[in-house]
Each structure stands twice: as C-alpha cells, then as structure tokens.
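Notes to accompany the following structure.
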C-alpha cells in the first residue's frame, strides 16, 4: 500500500526564498543510556549525500552532556573541514505539520560543522526510504512510498 504526503515550501531565516523544509525530531544516546531528543527544522538538500547536518555549536552542546563524537573530515564547496559525527535515531518527520510514516526509527549520522548561520540540512541518504519529489516551479515537496 502506497501513501503520499505533500506540502508547500516555507520561508526561513536562512534564505530569502521559500525552501523545502521538514520538522524532524531525533535522539542521541547519552553515556548513561538515556536519550537526548531534539527537534529542529531541516532544509531538504538534494545535493547532500549524508543524513543530518547541524552546526558545530550543536556538537559543543552534545559534548557538554558527555557524548563523544566520532571525528572525521569532509569537504565543502570551498575547502576541507573537520566534522564531528554522532550516531542518532530519527524519531519523527513532519511536513507542514503532518507526519511522514516511518515504519521504525531511522538510524542516521549527524554531521556537525559550520556556523549557526547555516541551516540544518537533511540529505538524500536519510530520505532514501521514500520517493521524494521537489517540484521547484510550484514549490511543493512530496513523499510517497
């Protein structure tokens, strides 16, 4: 059985244009076994082959809770960078306030780098469970699967 959900692009503090945005709740496990949940709005980035991207300040917050990152490196359009990676679980995805059906939580990696002036991003790996359509002329984001 296939389901489809669609929603309009939204305005954002990160762009003068309306953009495809999803509200996502994810969780990172603390050293004591409890889970830290966080919700944010993520810009759908079809050019990002990762899962979730957050600013470096979010890594500082997690480190303050005793959560240790996996250190790595990456590249941006302009240079090589250091990246802090964290294992996480996506618990909920909302499009225009409506839930996108997730059979189970989605295991994912959060890459933390950059400043707070860059938007949180969700990449194509995290969205690979669905057929996703970015209808740019009509500014509509659709999921089916």
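Read the figures in this text as sums done on the coordinates, not as results from a lab. Fair warning: this is a prediction, and the values are worked out from it, not measured in the lab. Here the Cβ positions follow ideal geometry from the backbone for every residue, glycine too, while neighbour counts run over all protein chains shown.
Translational diffusion coefficient, Stokes-Einstein: compute it for the range 44-140 using the Kirkwood radius over C-alpha pairs as Rh, at 10 °C and 1.306 mPa s, and state it as an integer in µm² s⁻¹. Diffusion coefficient, whole number: 108 µm²/s. Contact order, relative form, for the range 9-144: 31 percent (alpha carbon pairs under 8 Å, 6 or more residues apart, mean separation divided by residue count). For the range 85-109 and the range 6-62, what is the centre-to-centre distance using only Cα atoms, to the nearest Å? A separation of 10 Å, based on Cα centres.
Shape class for the range 95-145, computed from the alpha carbon gyration tensor (a ≥ b ≥ c): oblate, with a/c not under 1.5 and a/b at or below b/c. Counting 0.36 nm for each residue step from residue 32 to residue 125 and taking away their Cα separation leaves a gain of 30.6 nm. Each stretch of four or more DSSP H residues adds -39500 (n - 2.57); spread over every residue of the chain, this sum gives -2000 deg cm²/dmol at 222 nm.
Placing a label point 7 Å from the Cα of residue 61 along the Cα-to-Cβ direction, the residues of the range 109-142 whose backbone N falls under 17 Å of that point are 109-122. Among 71-80, 84-93, 129-138, the peptide with the highest mean count of other Cβ atoms within 10 Å heads the list, and the full ranking is 84-93, 129-138, 71-80.
From most to least packed by mean Cβ count within 10 Å, the peptides 40-48, 106-114 give 106-114, 40-48. Between residue 73 and residue 118, the C-beta separation translates, for a Förster distance of 25 Å, into a calculated FRET efficiency of about 0.90.
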